[in-house]
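Asker: Pasting a structure below so you can have a look.
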Number of protein chains: 2
Amino acid sequence: MRIGFIGLGIMGAPMARHLVAAGHEVVGHNRSAPAVEAFVAAGGLAAAPDELAATSDALVLVLPDGPDVEAVLFGDGSVDPGGTAADGVADHLRPGTLVVDCSTIAPETARSAAARLGRRGVRYVDAPVSGGESGAVAGTLAVMMGGTADDVAAAEEVVAPFAGSTAHVGPVGSGQLVKAANQVLVAGNIAVLAEALSLLRRTGVDLDAALAVLGGGLAASRVLELKAPKMLAGDLAPGFRLDLHHKDLKIALGAAERAGVGLPLTGTVTQLVLGLRAAGDGSLDHAALVRAIERLSGLPVTGGAVGPSGAPHGTPGRG
Amino acid sequence: MRIGFIGLGIMGAPMARHLVAAGHEVVGHNRSAPAVEAFVAAGGLAAAPDELAATSDALVLVLPDGPDVEAVLFGDGSVDPGGTAADGVADHLRPGTLVVDCSTIAPETARSAAARLGRRGVRYVDAPVSGGESGAVAGTLAVMMGGTADDVAAAEEVVAPFAGSTAHVGPVGSGQLVKAANQVLVAGNIAVLAEALSLLRRTGVDLDAALAVLGGGLAASRVLELKAPKMLAGDLAPGFRLDLHHKDLKIALGAAERAGVGLPLTGTVTQLVLGLRAAGDGSLDHAALVRAIERLSGLPVTGGAVGPSGAPHGTPGRG
């Protein structure tokens with residue numbers, strides 16, 4: 001299959017490489033050139049977006065946010081460096097082409113994109129992923145898909161090389177709703193881990209032994225396994241940036257508002273993340289939620305490096 | 001080894017049976033007689049607390065709270081039906097006996113008990129467990145132990161038949177600190193699961209498919225695996241009662257206050273649990289945290305049965 005792939009970032013790059021490794025002819029595009037060059041060096045092809053769109057059987061999108069998806073598909077009114085009006089790839093996709101949108105965006109943005117593409121005879125499946133950079137590199141992402149049964153079945157084949165598990169969870173937009181729930185769980189689990197670890201670090205218990213035994217009981221989680229070591233080591237390089245998790249939490253709170261469900265803990269976690277962004281930590285991994293708990297009580301702040309804001313951020317360590 | 005075992009409740013009964021199955025001579029005691037009769041039917045022995053204490057090489061306690069531990073060990077000043085002042089078992093334990101306290105109590109209560117026993121030449125290890133009733137039945141509990149290296153090594157042998165994993169996490173009281181962190185994680189993970197599920201139930205997505213795919217990504221947790229099905233089925237029978245989890249969360253908040261760490265999410269979760277107890281749900285499983293989210297927004301309440309307070313609690317169902 002010839003697959004267009006737009007968005008070769010932390011997640012997209014390894015996902016696209018899995019498609020290449022599976023034997024597909026993959027044509028990549030990314031806003032910044034070095035990502036494209038790295039993809040070509042890894043066996044991918046490169047093309048301008050319209051050519052990529054016009055020649056692909058399926059188009060995978062892995063973009064940061066809803067406006068990015070809308071700009072790539074439908075144009076954003078900006079003007080190219082060459083002087084022509086930038087348009088979207090939708091006008092170049094052949095009827096029958098399948099768009100597999102792995103971006104995390106609002107459910108209603110997904111539904112609107114599907115409707116606009118549908119008028120052109122183009123198919124759309126929302127297929128956001130979970131598992132983080134490590135899941136993308138390992139090809140074990142969880143893919144939550146919304147669309148018609150036929151379209152999702154076709155999308156299964158596209159995502160299989162980077163998926164550890166997939167599910168058809170409902171009509172278009174449903175994948176995004178489940179992803180919103182996923183991000184609620186992940187952020188909440190990280191935040192309570194931040195609290196539990198901050199407590200233990202102040203008590204002098206053996207942290208390595210404690211983490212091992214916590215992982216053997218009802219407190220066991222993927223977040224405990226993957227994020228606790230990062231917090232203890234002061235390694236807050238993304239991974240998954242707080243900026244993006246903030247965007248996802250706002251999508252979840254918006255979906256919850258429309259559904260008529262108040263989410264008190266997620267509301268608090270979202271405000272903690274907002275505070276971290278205000279403190280200059282938005283480009284750190286979401287494990288940096290531990291800093292919110294530390295700053296609240298005037299404790300030394302995990303990570304130690306000078307933050308993106310240029311402000312010093314305390315010292316690393318286990319105490 | 002001859003092991004005394006006081007506290008044959010939801011957790012203690014299966015733990016004691018594992019000790020019997022491992023070939024130990026186990027002498028059980030419980031405040032209510034039927035639990036003792038069931039234990040004897042399962043191959044255990046029965047004795048009054050002083051006789052049990054005087055003849056045991058090790059004494060395991062699985063009691064609900066700190067005051068229970070203090071009453072059993074040191075007496076509570078009450079008068080027996082026979083008219084003699086009730087005293088504690090500590091006066092009957094032989095020097096060198098090892099007390100393995102699997103109750104979840106405050107770290108300072110554990111330290112005080114260890115000091116009082118130490119004056120009698122009796123050894124003490126705090127060894128709270130995680131894994132819930134299913135872990136107790138399966139013999140796969142996580143056991144977090146505080147004490148001297150020698151005492152913990154001796155306790156390892158005692159707990160092995162019901163342990164899936166053990167850890168020596170520090171001096172006496174450290175096991176309780178790690179258990180407090182465990183309960184912070186478990187309650188927090190359940191509460192955010194309650195939020196995520198309450199959202200999904202209102203959106204019409206395929207819940208079984210959603211849960212399966214959520215379990216394949218970074219949101220995966222033991223709580224997701226064990227508690228989401230209970231919430232969806234409206235099965236809120238304990239398991240682990242909200243009343244006890246509330247006690248444990250207050251222990252955690254007390255430890256955090258002494259350590260100088262504010263825990264904003266755990267504070268909120270504790271208040272949600274307090275509200276559930278006030279609503280008459282304290283004897284339900286901690287999965288009933290989902291009801292706090294539902295009541296907040298006036299949604300139908302999971303479980304459907306008439307609650308302990310006699311008030312109707314809505315209808316079960318998937319949304």
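The values are calculated or read from the model by the stated rules, or taken from the named source; none is laboratory data. As the structure is a computational prediction, the values presented were derived from the model and not from experiment. Cβ atoms come from the backbone with ideal geometry, glycine included; neighbour counts cover every protein chain shown. Quick note on the areas: whole protein, heavy atoms, side chains included, nothing else; ligands and nucleic acids left out. Shrake-Rupley method; radii C 1.70, N 1.55, O 1.52, S 1.80 Å.
Asker: May I ask you to list pairs of residues, at least six apart or on different chains, whose Cβ atoms are under 8 Å apart, with the first in segment B:52-64 being more than 18 Å from B:Ser32 (Cβ to Cβ) and the second being open to solvent by 30 Å² or more (accessible area, probe 1.4 Å) and part of a loop (DSSP other than H, G, I, E, B)?
Answerer: Final answer for the pair search is B:Ala54/B:Arg94; B:Asp57/B:Met1; B:Ala58/B:Met1.
Asker: Quick check on my filter: what residues within segment A:44-70 are surrounded by 17 or more Cβ atoms within 10 Å (Cβ to Cβ) and either in a helix (DSSP H, G or I) or of a type in the set (Lys, Arg) (or both)?
Answerer: Answer for segment A:44-70, where residues must be surrounded by 17 or more Cβ atoms within 10 Å (Cβ to Cβ) and either in a helix (DSSP H, G or I) or of a type in the set (Lys, Arg) (or both): A:Pro49, A:Leu52, A:Ala53, A:Gly66, A:Asp68, A:Val69, A:Glu70.
Asker: Restricting the search to segment A:1-30, which residues are outside any loop (DSSP other than H, G, I, E, B), aliphatic (A, V, I, L, M) and open to solvent by 40 Å² or more (accessible area, probe 1.4 Å)?
Answerer: A:Ala21, the sole residue that qualifies.
Asker: Anything in segment A:222-234 that is more than 8 Å from chain B (Cβ to nearest Cβ) and open to solvent by less than 30 Å² (accessible area, probe 1.4 Å)? List them, or say none.
Answerer: A:Lys227, A:Ala228, A:Met231, A:Leu232, A:Gly234
Asker: Could you check how many residues of segment A:124-155 are surrounded by fewer than 24 Cβ atoms within 10 Å (Cβ to Cβ), more than 19 Å from the chain's Cα centre (by Cα) and more than 12 Å from chain B (Cβ to nearest Cβ)?
Answerer: Matching residues across segment A:124-155 total 5.
Asker: Can you find a residue in segment B:185-205 that is more than 23 Å from B:Leu249 (Cα to Cα), charged (D, E, K, R) and without any contact (Cβ under 8 Å) to a residue 40 or more places away in the chain?
Answerer: No, because not a single residue in segment B:185-205 is more than 23 Å from B:Leu249 (Cα to Cα), charged (D, E, K, R) and without any contact (Cβ under 8 Å) to a residue 40 or more places away in the chain.
Asker: Moving to a separate point now. Return the residues of segment B:84-113 that are surrounded by fewer than 24 Cβ atoms within 10 Å (Cβ to Cβ) and assigned to a helix (DSSP H, G or I); say none if nothing qualifies.
Answerer: Those that are surrounded by fewer than 24 Cβ atoms within 10 Å (Cβ to Cβ) and assigned to a helix (DSSP H, G or I): B:Ala90, B:Asp91, B:His92, B:Glu108, B:Thr109, B:Arg111, B:Ser112.
Asker: Of all residues in segment A:267-287, how many are basic (Lys, Arg) and open to solvent by less than 10 Å² (accessible area, probe 1.4 Å)?
Answerer: Keep residues of segment A:267-287 that are basic (Lys, Arg), which gives A:277.
Subset that is open to solvent by less than 10 Å² (accessible area, probe 1.4 Å): none.
The number of residues fulfilling the criteria is 0.
Asker: Under 20 Å from B:Asn182 (Cα atoms), modelled with pLDDT of 95 or more and either of a type in the set (S, T, N, Q) or surrounded by fewer than 21 Cβ atoms within 10 Å (Cβ to Cβ) (or both), is that true of A:Pro264?
Answerer: no
Asker: Let me ask something additional. What is the number of the single condition among (1) surrounded by fewer than 24 Cβ atoms within 10 Å (Cβ to Cβ); (2) at the interface with another protein chain (Cβ under 8 Å from one of its Cβ atoms) that B:Leu193 does not meet?
Answerer: (1)
Asker: If you take the residues of segment A:159-172 that are touching a residue at least 40 places away in the same chain (Cβ under 8 Å) and under 16 Å from the mean Cα position of the chain (by Cα), which of them is surrounded by the fewest Cβ atoms within 10 Å (Cβ to Cβ)?
Answerer: Result: A:Val159.
Asker: Related question: Between residues in segment B:272-298 that are more than 10 Å from B:Glu195 (Cβ to Cβ) and at pLDDT 95 or above and residues that are of a type in the set (Asp, Glu) and part of a loop (DSSP other than H, G, I, E, B), which pairs lie under 6 Å by C-beta distance while being six or more apart or on different chains?
Answerer: Sorted first by the residue in segment B:272-298, then by its partner, the pairs are B:Ala288/B:Asp281.
Asker: What tally of residues in segment A:261-274 results from selecting those that are closer than 23 Å to A:Ser174 by Cβ and more than 7 Å from chain B (Cβ to nearest Cβ)?
Answerer: Going through segment A:261-274 one residue at a time, the tally reaches 1.
Asker: Filter segment B:240-260 for residues that are within 23 Å of A:Gln271 (Cα to Cα) and either modelled with pLDDT under 95 or open to solvent by 10 Å² or more (accessible area, probe 1.4 Å) (or both); which is nearest to the other protein chains (Cβ to nearest Cβ)?
Answerer: Per the stated criteria, the residue is B:Gly260.
Asker: Would you mind finding the one in A:Ala237, A:Ala212, A:Ala219 that is assigned to a loop (DSSP other than H, G, I, E, B) and open to solvent by 30 Å² or more (accessible area, probe 1.4 Å)?
Answerer: Exactly one of A:Ala237, A:Ala212, A:Ala219 is assigned to a loop (DSSP other than H, G, I, E, B) and open to solvent by 30 Å² or more (accessible area, probe 1.4 Å), namely A:Ala237.
Asker: Oh, and also: Can you name every residue in segment A:34-53 that is farther than 17 Å from A:Ser103 by Cβ and under 21 Å from the mean Cα position of the chain (by Cα)?
Answerer: A:Pro34, A:Val36, A:Ala38, A:Phe39
Asker: Residue check, A:Leu61 against (1) within 13 Å of A:Arg2 (Cα to Cα); (2) in contact with a Phe, Trp or Tyr (Cβ under 9 Å, 6 or more places away or on another chain), all met but one. Which one?
Answerer: In the conditions (1) within 13 Å of A:Arg2 (Cα to Cα); (2) in contact with a Phe, Trp or Tyr (Cβ under 9 Å, 6 or more places away or on another chain), A:Leu61 misses (1) alone.
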